[in-house]
Amino acid sequence: MSSIFLVALTLFSFIIPALAAAGDTTKVSLALQWYPQTQFAGYYMAKEKGIYAKYGLNVTILHGDADSESLDRLTSGEAEFATAFLSSAMGAWANGVKLVNVAQIVQRTALMIVARKDSGISTIADLENARIGTWGSQFQLQAQSLFLRENMDVTFVRQSPSFELFMRGGLDATLAMWYNEYHRLLSYGLNPDEMTTFMFSNLSLNQPEDGIYCLQSTYDKSPDTVRALVEATVEGWEYAFAHQEETIDTLLQIMREQKVRANKAHQRWMLARMKDIILGDKAKISTQLDPVDFDSLKIELMRAGVTMVNIPYIDFYKGLNQ
């Protein structure tokens, strides 16, 4: 037997199992709400560390931006799965989109309103007729519900991630996430005592935020794929929290590749805050959508007229522990 034939036979023996393994993986796309950052560390680490592959999945992560909405990618068929705020998903469901929550990753809200104290704003009532910065309609349902409840008029203004409009005084206040924009404002030189902050969790508008969603048809057709994606994602988050510096470095590299401005200290702050709002005081990650949280948000959205549909919990939540 020639040496060339032996080499060819050896290569063949490696290639065939590799092709078989590749053929056994299920290809799916996951749409995230925003640019790559440690807000989504669990998803990226599940992909980078081969955890999705271990569960038989070949996952393409579609990062978001200011001009795309994750749930639009879900309904258009561009993605089989998407992350979204609970309020956004409930709004979509009420408008006829047959989606289901298959895992509630973030258990409490980090959304807040920030104003500069020198603007004279010290109470919610002071925001009457205010111009408030936002990132787009998918993120402002919670705020709309607040101001409808309080019978107040405000104007939402689309702003860039740089917060330049707010910093230059072009806005009276801005929506911010505790794990992201609030820390960015601190890095710009604003001190905590120079800002008035209103946490939605203190305004009877606490809502679980990033959950994983798919269409009802996807859930019915491929329950094993749904389960695999959820279990692998949880493992990805566990890895991210257990290896924070590696996770931060990995995300910084992904951000650089996507030409997203990156700051290590900011990403470290973000990952620590994500751990706070995902784990809370628990030792393990829960993916259950709390029915009490669901009902309270549904009632508030209906009371404010944001949605007019009484969404059944049993139809909306299809998590692993249901």
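Derivation of every value follows stated rules applied to the coordinates shown; laboratory data play no part. Computed from a predicted model, the values in this text were never measured in an experiment. Counting neighbours? That spans all protein chains shown, and the Cβs are built from the backbone with ideal geometry, glycine included.
Out of the DSSP beta bridges found with both residues in region 111-202, what percent are antiparallel (nearest 5)?
Antiparallel: roughly 60 percent of the beta bridges in region 111-202.
Could you give the length gained on full extension between Asp220 and Val97, defined as 0.36 nm per residue of separation minus the Cα-Cα distance, in nm?
Length difference between fully extended and current span is 42.8 nm.
For Leu185, what is the net charge nearby, where nearby means another residue's Cβ is under 10 Å from its Cβ and Lys, Arg count +1, Asp, Glu -1?
Spelling it out: positives minus negatives among the neighbours equals 0.
Most exposed first by the Cβ proxy, i.e. fewest other Cβ within 10 Å, how do Asp67, Asp276 rank?
Ranking Asp67, Asp276 by Cβ neighbours within 10 Å, fewest first, gives Asp67, Asp276.
Does anything in region 158-194 have its amide N under 16 Å from the 7 Å Cα→Cβ label point of Asp126, and if so which residues?
The answer is 169, 171-175, 191-194, whose backbone nitrogens lie closer than 16 Å to the label point.
At q = 0.16, 0.20, 0.21, 0.23 Å⁻¹, what is the base-10 log of I(q)/I(0) for region 213-322 according to the Debye formula with one equal point scatterer per Cα and no solvent? Please give it to two decimals.
Debye output, listed in q order: -0.98, -1.10, -1.12, -1.17.
Using helices alone, what [θ] at 222 nm do you get for the chain, with -39,500 (n - 2.57) per DSSP H run of 4 or more residues, divided over all residues and rounded to the nearest 500?
Rounded to the nearest 500, the figure is -13000 deg cm²/dmol.
So, in nm, how far is label Gln253 from label Asp65 when the simple model puts each one 7 Å beyond its Cα toward the Cβ?
2.4 nm
Any idea how far apart Leu279 and Leu165 come out in nm if each label point goes 7 Å out from Cα toward Cβ?
Reported label-point gap for Leu279 and Leu165 is 3.7 nm.
So what's Rg/Rh here for region 252-310, counting alpha carbon atoms and using the Kirkwood radius for Rh?
Using Cα coordinates only, the ratio equals 1.19.
Which of the following values of percent of Cα pairs over 28 Å apart was calculated from the structure shown: (1) 43; (2) 30; (3) 39?
Matching the structure shown: (1).
Among the listed pairs Lys221/Lys282; Lys264/Lys318; Lys54/Lys284; Lys98/Lys282, which are separated by more than 26 Å between their Cα atoms?
Long pairs (Cα-Cα over 26 Å): Lys221/Lys282; Lys264/Lys318; Lys98/Lys282.
Checking understanding here: applying a Kyte-Doolittle mean of at least 1.6 and a length along the axis of at least 24 Å (C-alpha), which whole DSSP H helices in the chain pass?
3-24
Considering the convex hull of the alpha carbon atoms of region 111-202, report its projected area averaged over all viewing directions, in nm², one decimal.
Taking the Cα atoms of region 111-202, their convex hull projects to 5.4 nm² on average.
Mind pulling the per residue volume of the convex hull built on the Cα atoms of region 149-229? Å³ is fine.
Here the figure is 183 Å³ per residue.
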